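Everything below concerns the one structure shown next.
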Amino acid sequence: MPTQIIHADQRYVHALLHNDAIIVDEIYRRFAPRVKRYVCENNGTPDDAADIFQESLVDIYNQAKYKGLQLSCPFEAFLFMVCKRKWLNELKKKGRKGVTKDLDEQFNVGEDSFRDAEKTWADNEKARLFLAMLNQMGERCQEIIRLSMTDTSQEEIAGRLGVTYGYLRKKKSECMATLISAIKDNLSKWGLT
Amino acid sequence: MNDIDHELIERYISGNMEPAERALFESRMQIEPALREAVQDWMEVTGSLHRSLQPDPQREELEKLLQSHRHVFYKAPAKVTPIRRYMLVAASAAAVIAAVLFWGPWQPDLYQQYAVQEMVSPAERGTTTDSLLQQAAHHFNHRQYTAAISLLSKVLERDSADAYARYYRGLSYLENDKPAEARPDLEAIFNGESVFKYESAFYIALSYLKEKKKDPCRDWLMKIPTDAQNYDKAQNLLKEL
C-alpha cells in the first residue's frame, strides 16, 4: 500500500474510535444537514437519512479499527461518499427510483480517497450480507459456525455439542460451503460484485 | 469442489494440517485456480464473521452515542395545531389503554421498566475529584447506592456546581428508595443548563411514580420538550400512565 499523507481530519476518525462525545456532536451538527438533504431530495425520509448517517459512521469506525483506515481527504467528503454509496444501494435494493439530484460535485477528492470510501462501504456491506445469510441457515449450522468464530477450541466445541471432533469438522465444512454458496448467490442482489 | 475439498479447506484454514499435507495442498492451490479462489472466499467470510460476531463493547458504546444524536435529523419548527391534535388522539388512546390496564393484572412494575441505567464513568484526568467519581461509578453500577452517595457528597463539598455528581447523587437516592431526597438534587439540575437537564425531569417524574403519585409524575413528564433526547421515552411512559 502506498504511503498516503494522512489528512488532519483523521481526528474525526479518532473520535469515533474513542467515543468522543463532543466531537461526535460536532459531526452531527456540521455534517448531518447535507446528508439529510441528499437523502430527502432523493426519495428518502429523515428517518432513512438518520439510519444511513449512523450506519456510515459505524462503518468508518469498523474500517478504522479493523482495516487501519486513514483519511486522505476531508472527513466530510469521505463520510458523504460512504453515505451516498449506501443510499444508492438501498434505493436499488428497494427497487425505488434512482437518484436524480447530485450534491457532491463540490467535493474534489483524489482517486485513493474515492477507493477507500468505496471499500469502506463494500467491506461493511459484505459483513452485513454474510451475517444475514448466516441468520438464514439451519439452527445446527448457525450454532457450529457461531461457536467456531469465538476463541473456543474445536475439541471444546465438539464436547459442547455432544459430537465427535471428526463429525464436527465434517459438519462445519459442509455448513461453511453452504453459507458461501448462499453468499455468492446474493452478492449481486446486494449490489456487491 | 467436492465435500473432501471443503474439509481440506477447513483444515487448511484452521491450521489443522500436517506439514507434508499442507505442502501438498499448497501445491494444488498453485495449479487449481478454483481451489485458490475457494480458499480466499473462505478466509474472507471467516475473517468478516469473526469481526462481526466478536463482542466489541466500544462499538456498542459508539452506537448508543450515535443513537442519542438521531434527533438532529428530525428538527423542524414546532407547530402547535398538530401537537394538540396528537394529544387528543393520545388522550383517547390512553383512556382505552387505562381501561385495559385497570383490568390487566399482568402490568409489569412501571418504575422498574424505566429505572436508571448505568453511571457512565467520567473520563480520567487524574484529579482527586475524578478518582472519587470513578469509585462512585463503580459503587453505583454495583447497586451500592449508599456508598455512591457518600462519595458523590464529597465531590459536591469540593465543588457544589458539579452537575455530573449532583445528577448521579439524585439518581442514587432514587434507586435507594429515597425519592424525596432525590428530588432536591434533580430539581437543581433541571433548573440549570447541564446536559442532564431533561433526564432529571424524567427521573423526578419517576420519583413520584415510585410514590404512586401519578399527577406530579405526569406534570414532570410534560416538561420534557419534543427536541429532548428522552422525549419519546417520556411520551411512552405518559401513555402507560
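Coordinate-derived values only; no laboratory data. Values in this document were obtained by computation on a predicted structure and should not be read as measured data. Methodologically, a virtual Cβ is constructed for each residue, glycine included, from the backbone with ideal geometry; neighbour enumeration extends over all protein chains shown.
Applying the criteria of a DSSP loop state and at most 16 other Cβ atoms within 10 Å to the GluC sites (Glu not before Pro) of region B:139-241 yields B:GLU193, B:GLU211.
For chain A, would you read off the P(r) tail past 23 Å as a percentage of all alpha carbon pairs?
Values: 9905 of 18528 pairs.
Cα-Cα pairs in chain A separated by more than 23 Å: 53 percent.
The trypsin sites (Lys or Arg not before Pro) of region B:139-180 that meet both conditions, a loop assignment by DSSP and at most 15 other Cβ atoms within 10 Å of the site Cβ, are B:ARG143. Against chain A, whose longest principal axis is taken from its Cα atoms, helix A:75-94 shows a tilt of about 60°.
Here's the picture: charge each Lys and Arg Cβ at +1 and each Asp and Glu Cβ at -1 in the protein assembly as shown, and of B:TYR173, A:MET81, A:LEU131 the one pushed furthest to the positive end of that dipole is B:TYR173. Short-range pairs are left out: with C-alpha atoms under 8 Å and at least six residues apart, the relative contact order of region A:1-88 is 41 percent. Judged by a Cβ-Cβ distance under 4.7 Å, the unpaired cysteines of the protein assembly as shown are A:CYS40, A:CYS73, A:CYS83, B:CYS217. The longest part of chain A holding none of the exposed loop trypsin sites (Lys or Arg not before Pro), meaning those outside H, G, I, E and B in DSSP with at most 10 other Cβ atoms within 10 Å, is A:1-96.
Comparing A:PHE114, A:PHE78, A:PHE53 in a Gaussian network model of chain A, where Cα atoms under 10 Å apart are tied by springs, the biggest mean-square fluctuation is seen for A:PHE114. Karplus-based coupling profile of region B:131-147, in residue order and whole Hz: 5, 4, 5, 4, 5, 4, 4, 4, 5, 4, 6, 9, 6, 9, 6, 4, 5, with θ = phi - 60° in 6.51 cos²θ - 1.76 cosθ + 1.60 and x standing for Gly or Pro.
Which residue, chosen from A:GLY191, A:VAL39, A:GLN70, occupies the Cα position most advanced towards the positive end of the dipole of the protein assembly as shown, where the dipole is computed from +1 (Lys, Arg) and -1 (Asp, Glu) charges on Cβ about the Cα centre? Most positive-ward Cα: A:VAL39.
Please name which of A:GLN154, B:GLY192, B:LEU65 has its Cα lying farthest along the dipole of the protein assembly as shown towards the positive end, using unit charges on Cβ (Lys, Arg +1; Asp, Glu -1) and the Cα centre as origin. In the protein assembly as shown, that residue is B:GLY192.
When a footprinting reagent is the concern and you count Cβ atoms within 10 Å, what order do A:MET133, B:MET29 take, fewest first? The partial results should precede the final answer.
Numbers: A:MET133 21, B:MET29 18.
Result, fewest neighbours first: B:MET29, A:MET133.
Put simply, the convex hull of the Cα atoms in the protein assembly as shown casts, on average, a shadow of 28.5 nm².
The C-alpha atoms of chain A define a longest principal axis, and helix A:165-186 lies at about 30 degrees to it.
Hey, got a sec? Which trypsin sites (Lys or Arg not before Pro) in region B:15-54 land in a DSSP loop and have at most 13 other Cβ atoms within 10 Å? Don't skip to the answer; put the middle values down first.
Details: sites: B:ARG22, B:ARG28, B:ARG36, B:ARG51; in loops: none.
Those that pass, being in a loop and sparsely packed, number zero.
Around the Cα centre of chain A, unit charges on the Cβ atoms of Lys, Arg, Asp and Glu (plus for the first two, minus for the last two) sum to a dipole of about 660 debye. Binning at 5 angstrom from zero up to the longest distance, how are the C-alpha pair distances of region B:3-53 distributed in percent? Final binned percentages: 5, 20, 29, 26, 13, 6, 2.
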